[in-house]
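This report refers to the structure that appears directly beneath it.
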């Protein structure tokens, strides 16, 4: 078995329980001990490893055990070939873990005379120029601060050149014009979660191999692009670790929580960010404190949970499906009594997406305590209620209620079951006309469906109608406000089990771009119309006065 002291030290930290590993790193150690370190055709260039570490600690910062471990595998060579054993390196862990700092050290060293390879050019690539410049800027500033380094390197804001080797370190954007014909020794791809495919990667690595040994570094924290380039790399990494792919196809250092349940124990944070392992230096202590503060803030602002899990814990939720609020938060919205809102101003809201099953109308008020108060009434087609909820059978004492007690809610005055092939738009407009006798309706906000039918009817009655052309486009905009309001118990539905049902049926889906949509947990029977009407009202909630003083009553409509 080949040995390397920094590799041995890091493995011992894991074996002794001094650091916590996630499953991917546990697999990495098993894979290394069984399939790599047992080989007799490879070796570590210990002198090169020592020089790189000393270079980094002298001019940049004290390197942590995991960083020395990673550096060691950058200089693992074949005995009978001029190439390194690993051409590709994947480093992915939580934000703040020092990926760019380590790349600054490694790339600065690789272009230097200490590496000793002439014209060993390195490109650092990212989707944006700002991100691509992160490490090159750090190298530039480090050299500018140290006269000794200035004797070895010539540096500008665009590139750094080794005076002895002629090697150039520069940044590029993935959509740059000058990609072809590159003659790099190494390429670094930063923020790889943003790559949807390997198209740009292929162009940038096409020139590798002309200068030995070629190296590719893929670094970053996970993101919201699913089935993209990073996901493919993670799949390949797992195959390497489990023996299903070529042993040296990639060196994968993947740090993340094993499950979202581990988030509630801060001791697990180091699974996602190896910088947080004990003993922590000054930087790591500050980072841990920041992450802990962000975790505590989730209690008041749960809308940041996905961002925290993805960027801090490196554990994105694929095709995220969850409720818009906890059941306790939904119950809290229906435990407060409905205030007397007579003569108070409000926003009328309507979800008219389907005229063959449910339609929900509503009025959104606000009070001086910044509560969002929502009165609602729904209309349900009898044929639909019979087919999916056994409405008529239940009235005759036959069968069982299915999915929703429509007749019970009807008896409570929360909805009206109507006859006919569709829900008559005149019925909807009449409800708002009736409500106008008691409340000041500033405008009515509705979705774009059946606009040609609704607009003339509302305008005939003198209502101002605002149409949301793309209802789903406002969901991501409003999600932080809605989720925070639920968490802080700032929503009042009154004693309304129908709204509890509507809200609990909402499926929050986070798309590839990170935007949220409120969909249905079940497409036919679990309706969300009342909640969607509420969302439409929240779109213009700021236009409602909060100066009213409300007395509480049990008024229903």
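Some points to look at:
- Of all residue pairs spaced 6 or more apart or on separate chains, those with beta-carbon atoms under 6 Å, a first member in the range 107-129 that is surrounded by fewer than 21 Cβ atoms within 10 Å (Cβ to Cβ) and a second member that is at pLDDT below 95 are 127/174; 127/194; 129/173.
- In summary, helices (runs of 4 or more DSSP H) completely within the range 419-523 and bearing 2 or more residues that are within 30 Å of residue 298 (Cα to Cα) occur at 473-487, 497-504.
- Restricted to the range 258-376, the set of helices (runs of 4 or more DSSP H) holding at least 1 residues that are within 17 Å of residue 486 (Cβ to Cβ) comprises 282-297, 327-335.
- Residue 229 in contact (Cβ under 8 Å) with a residue 40 or more places away in the chain and assigned by TED's automatic domain parsing to the domain that holds residue 99: no
- Subset of the range 410-441 [within 27 Å of residue 540 (Cβ to Cβ) and touching a helix residue (DSSP H, G or I) at 6+ places or on another chain (Cβ under 6 Å)]: 414, 415, 425, 429
- Only one entry in 42, 49, 29, 53 is closer than 19 Å to residue 283 by Cα, surrounded by 14 or more Cβ atoms within 10 Å (Cβ to Cβ) and at pLDDT 95 or above, namely 53.
- Inspection of the range 313-336 finds no residue satisfying the criterion of being within 28 Å of residue 23 (Cα to Cα), surrounded by fewer than 21 Cβ atoms within 10 Å (Cβ to Cβ) and free of Cβ contacts under 8 Å to residues at least 60 places away in the same chain.
- Search result, residues across the range 409-423 that are modelled with pLDDT of 90 or more and over 15 Å from residue 360 (Cβ atoms): 411, 412, 419
- Test: residue in the range 396-404 that is outside any loop (DSSP other than H, G, I, E, B), closer than 19 Å to residue 531 by Cα and modelled with pLDDT under 95: no
- Test: residue in the range 75-93 that is farther than 28 Å from residue 202 by Cβ and crowded, with 18+ Cβ neighbours inside 10 Å: no
The values are calculated or read from the model by the stated rules, or taken from the named source; none is laboratory data. Predicted model only: the values in this text are computed from it and were never measured. Note that we place each Cβ from the backbone using ideal geometry, even for glycine, and neighbour counts take in every protein chain shown.
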